[in-house]
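Working notes for the structure below.
We did not get these values from a lab; they are worked out from the coordinates using the rules stated. This structure is a prediction, so every number in the text was calculated from the model and none was measured. Here the Cβ positions follow ideal geometry from the backbone for every residue, glycine too, while neighbour counts run over all protein chains shown.
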């Protein structure tokens, strides 16, 4: 369960120091976030703060954030005594890519909707475990640890995401990039929002509904403008 702010600070500092006592390879923010997530060690006063913001607010000057200026998604957490060493290692990795690309096709639909739903001055959250869903508006304190805030700067409100494969190339890449930056900012893994179980394979054309096949057969610009009555769409979605 969530822990007190003081305990969070102590645990994070101990974990980061232990990492650099054993080796000097950069401790990536995403890896630290994964450990926090696995052990459910988020602070009770987390609110809408990202892991980056939490570390800056609660662990400075004992811990600091270092970024790769060539790849903003590559973020490390350091202690002051190893900062120069880690920055040198990050500078040497220019041109390399350790970040696993995000694919919209692999992400659960409710999670994608959280990034595209149109709202007016209301926060959007996504449930961090299955069954996934998004919530608009305030989350009760007793359920806050079950959700992750979807920061406005990472969202594309109004983007039609019903069928990711019909998005334009630029929209698809932009949303994938935003989701990746959001995940890294919060210290989580996009893989935890997979729409498929590990042993499942992607659906073949034979497993798609008549509605999916109808839309896939249209040129992208036509498919995005198609208006199908709800009753007909429901019938087509049941036919395979």
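Here are some notes:
- Listed peptides 25-32, 140-147 appear in the order 25-32, 140-147 once ranked by packing, highest mean of other Cβ atoms within 10 Å at the front.
- Each of residue 34 and residue 128 was given a label point 7 Å from its Cα along the Cα-to-Cβ line. The distance between the two points is 1.6 nm.
- Here the alpha carbons of segment 5-92 define both size measures, Rg and Dmax, at 12.5, 38 Å.
- Computed Rg/Rh of segment 104-202, alpha carbon atoms with Kirkwood Rh: 0.95
- Each of the peptides 151-159, 7-15 was scored by the mean count of other Cβ atoms within 10 Å over its residues; in descending order, highest first, they stand as 7-15, 151-159.
- Neighbour counting of Cβ atoms within 10 Å sorts the residues 68, 174, 40, fewest neighbours leading, into 40, 174, 68.
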